[in-house]
Each structure stands twice: as structure tokens, then as C-alpha cells.
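Asks: Could you have a look at this structure, given as C-alpha cells, before my questions?
The values are calculated or read from the model by the stated rules, or taken from the named source; none is laboratory data. Because the structure is predicted, anything quoted here is derived from the model rather than measured. Don't worry about glycine lacking a Cβ; one is built from the backbone with ideal geometry, like all the others, and counts go over all protein chains shown.
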């Protein structure tokens, strides 16, 4: 009986593998939906839009971007986790997916169990930016301004659990400065109010901040990340300013629902790598402070390892800083 069951299981596995490979040969035969876990206006949407055209060319079918904001990217992730595991619904997400495992205990999915990573997309530089009318002109002046007696500091961020929110908590905890947090439903709305002066400071991605800083519509004081941004070379990193704990990376990856056949995941990974090798994508990413991952980290396994490590990292950050979700 045991031998018969083992044989049956082996035959079933072989059948599934064969059918999955055959399915992947014709995949895709219709448009692919790319869920972006935040509204337009931020680095997540910019990353997807820059990638969209060469990615769909590599796949041979249209790629339709669907922005779903809310709950630090958890609403989008919950929808993507429930999608059919057939390669026609995939998701672009970031650090917030890892942090959400600790922030939202009542979520309906598990990032590691309910998704299979397709591949890493980029590491994105972020800036500590401010409204153009804020008096300080460099980081030291900003620090003195924030520490003035009775100073009220309004910080806008893209929503609880987003990288912008987590970075803001880390920064001002490290600086020992109290602030008033103003959450938004995404980076776009937060940026609008920062430009309009409704909030004072906000963590803004370099790809979005660069033209605004260069045109004088925003001020920027530092880079949140491990290295300077080529497009804003005069901005020091928080680590260079003496805050090594703030050398944290903001990453993006593509994921598919768990159960998606490996041949389809491999085809999506290959299309992603082809798209990222496109000269226009490389230049646009570089101009916006987005770094590519090295060749050794292009596999689904590398993305899965990063996700696992980041869940551990951000769980510790959430716990140590008493950050609460919803």
C-alpha cells in the first residue's frame, strides 16, 4: 500500500510538472495584470511604469498596471494572494510587504507562504525632503531648526507600514526628535501636500524628488540608503552624517501567487531581466537613483531569500519602535 501511494504521488507530480511545462510554452496568451501596491505618484508606480513597455514586449502580451493603495500595501497584497496562480496576475511590492507581517497580525495572507517571488527589480534611493519654504538649507541647519524650543514638525508619509513611514520613524527616533505624523494613502497625495506646505518634511523617493529639487520646488537634506544618488550627488547619506542605523535600502520585487507553475515563474523572470537590460530603462532608473541588482541576485531564489531576511529585519524594527498597524 505504501509503495502504491508513493508511486501514485510520483506519477501525479510528474504529470503536474509536464502539464506546467506545456502550459508555460504557450504562456502568455492574453494580457498580464501587474498590481502595484501603492497609488500613482511614488517610486512604486514610477518603477512599474518605466518597466512596463519593455516588460510587455519581452512577454509578447500587454501588461496592465493596476494601482491598489491602502494599509501600507496590504490591500493590494491580499488581492494578489487570492488571484489565480496562472501568471496572469503578478504584483510589484517593496519593504512594506515584509514589515506588514509584523504590523498587521490580522492580515489574510502570509508573504512567504502565499507568494512565490519572480525576481528583484531595483534598490531605490530615497531623500529626506522638505517643503520649499522650510528655512534650513542643509542637514545641520535642519537639525538645529527641529530642536528649537516649541517647534512643531509635521511629517507626511505614504501610509502606515510603507517604507516612507518606517524610514520616518527610524530617522526621528535616531535623532531623538518628536514629530506630528500625517499619514496619506500613498506617496502621491503626501507629495502634493509637501509641495503645498501642508506638511514640513517627508521621505520622497529620488526618482520623484530629483526634478523637483533641481527646479527648486522641494528641498532635500540627505539620502536614506547605503549610497549617494547619482542624480543628486551633493546629498550625503544619513550614514555619512553619522547615523549608520539609517543605511536602509528601499527595494522592489515582482511576485506571483503561490502555486504558479515554476516554468511560468521562470518565463516571467526572464522577461523581467530582459526589460531591466533595456538601455532606456537602465538610464531612467540610474537618473532616478534606482540601482540594479547584480547578476547573481537575479533569480527567484535570491528574491525569496531577501524577502525572508527583510521580514526578520522589519519585524525587529516594528517591535523595537512600537510601531502599530491597523
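Condition check ((1) closer than 20 Å to residue 151 by Cβ; (2) in the same structural domain as residue 292 (by TED's automatic domain parsing); (3) under 17 Å from the mean Cα position of the chain (by Cα)) across all residues:
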| residue | (1), (2), (3) |
| --- | --- |
| 173 | yes, no, no |
| 181 | yes, no, no |
| 184 | no, no, yes |
| 187 | no, no, yes |
| 203 | yes, no, yes |
| 226 | no, no, yes |
| 231 | no, no, no |
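Asks: I'd like the residue in the range 128-167 that is more than 27 Å from residue 41 (Cα to Cα) and in contact (Cβ under 8 Å) with a residue 24 or more places away in the chain and, out of all such residues, is surrounded by the fewest Cβ atoms within 10 Å (Cβ to Cβ). Outline the logic, then answer.
Replies: In the first step, residues of the range 128-167 are kept if they are more than 27 Å from residue 41 (Cα to Cα); the result is 140-141, 143-151.
Next, only the ones that are in contact (Cβ under 8 Å) with a residue 24 or more places away in the chain stay: 143, 146-147.
Numbers: 143: 14, 146: 17, 147: 12.
Applying the filter and picking the extreme gives 147.
Asks: Could I ask something else about it? Looking at the range 49-69, I want the residues that are farther than 26 Å from residue 158 by Cβ and have a partner that is in a strand (DSSP E or B) and at pLDDT 95 or above with Cβ atoms under 8 Å, at least 6 apart or on another chain. Which pairs are those?
Replies: These pairs meet every condition: 56/32; 56/63; 59/32; 61/32; 62/32.
Asks: Quick one: residue 208 ticks every box in (1) in contact (Cβ under 8 Å) with a residue 40 or more places away in the chain; (2) assigned to a loop (DSSP other than H, G, I, E, B); (3) touching a helix residue (DSSP H, G or I) at 6+ places or on another chain (Cβ under 7 Å) except a single one, so which number is it?
Replies: Of the numbered conditions (1) in contact (Cβ under 8 Å) with a residue 40 or more places away in the chain; (2) assigned to a loop (DSSP other than H, G, I, E, B); (3) touching a helix residue (DSSP H, G or I) at 6+ places or on another chain (Cβ under 7 Å), the odd one out for residue 208 is (2).
Asks: When you scan the range 242-254, do you find a residue that is touching a helix residue (DSSP H, G or I) at 6+ places or on another chain (Cβ under 9 Å), surrounded by fewer than 15 Cβ atoms within 10 Å (Cβ to Cβ) and modelled with pLDDT of 95 or more, even just one?
Replies: Just the residues of the range 242-254 that are touching a helix residue (DSSP H, G or I) at 6+ places or on another chain (Cβ under 9 Å), to begin with: 243, 245-246, 248-254.
Those left that are additionally surrounded by fewer than 15 Cβ atoms within 10 Å (Cβ to Cβ): 245.
Next, from what is left, pick out any that are modelled with pLDDT of 95 or more: none.
Taking every residue of the range 242-254 in turn, none turns out to be touching a helix residue (DSSP H, G or I) at 6+ places or on another chain (Cβ under 9 Å), surrounded by fewer than 15 Cβ atoms within 10 Å (Cβ to Cβ) and modelled with pLDDT of 95 or more.
Asks: Do you know which of the residues in the range 69-80 that are under 22 Å from residue 51 (Cα atoms) and at pLDDT 95 or above is surrounded by the most Cβ atoms within 10 Å (Cβ to Cβ)?
Replies: This residue is 77.
Asks: The conditions are (1) surrounded by 15 or more Cβ atoms within 10 Å (Cβ to Cβ); (2) under 26 Å from residue 157 (Cβ atoms); (3) modelled with pLDDT of 95 or more; (4) out of contact with any strand residue (DSSP E or B) (no Cβ under 9 Å at 6 or more places or on another chain), and residue 267 fails exactly one of them. Which is it?
Replies: Here residue 267 meets the rest and fails (2).
Asks: Which count do you get for residues in the range 168-200 that are surrounded by fewer than 22 Cβ atoms within 10 Å (Cβ to Cβ) and assigned to a helix (DSSP H, G or I)?
Replies: Qualifying residue count for the region: 11.
Asks: Hey, another quick one. Quick one: which strands (runs of 3 or more DSSP E) sit completely within the range 76-138 and have at least 1 residues that are over 30 Å from residue 153 (Cβ atoms) and in contact with a strand residue (DSSP E or B) (Cβ under 8 Å, 6 or more places away or on another chain)? Before the answer, list the steps.
Replies: Working: elements: 89-94, 115-124, 126-130.
Of the strands (runs of 3 or more DSSP E) lying wholly inside the range 76-138, those with at least 1 residues that are over 30 Å from residue 153 (Cβ atoms) and in contact with a strand residue (DSSP E or B) (Cβ under 8 Å, 6 or more places away or on another chain) span 89-94, 115-124.
Asks: Next question. Within the range 51-68, how many residues are assigned to a helix (DSSP H, G or I) and crowded, with 22+ Cβ neighbours inside 10 Å?
Replies: Step one: of the range 51-68, the residues assigned to a helix (DSSP H, G or I) are 51-59.
Filter again for crowded, with 22+ Cβ neighbours inside 10 Å, leaving 51, 55.
Of the residues in the range 51-68, 2 are assigned to a helix (DSSP H, G or I) and crowded, with 22+ Cβ neighbours inside 10 Å.
Asks: I need a count of the residues in the range 211-229 that are farther than 10 Å from residue 132 by Cα and loosely packed, with under 13 Cβ neighbours inside 10 Å. Before you say what the answer is, go through the steps one by one.
Replies: Initially, the range 211-229 is screened for residues farther than 10 Å from residue 132 by Cα, giving 211, 214-215, 221-229.
Still in the running and loosely packed, with under 13 Cβ neighbours inside 10 Å: 214-215.
Within the range 211-229, residues that are farther than 10 Å from residue 132 by Cα and loosely packed, with under 13 Cβ neighbours inside 10 Å number 2.
Asks: Determine whether the range 273-293 contains at least one residue that is within 19 Å of the chain's Cα centre (by Cα), under 27 Å from residue 34 (Cβ atoms) and free of Cβ contacts under 8 Å to residues at least 40 places away in the same chain. Reasoning before the result, please.
Replies: At the first step, the residues of the range 273-293 found to be within 19 Å of the chain's Cα centre (by Cα) are 273, 275-276, 281-282, 284-293.
After this cut, where a residue has to be under 27 Å from residue 34 (Cβ atoms) as well, the list is 273, 275-276, 281-282, 284-293.
Within this subset, residues satisfying the condition of being free of Cβ contacts under 8 Å to residues at least 40 places away in the same chain are 282.
Yes, the conditions are met somewhere in the range 273-293.
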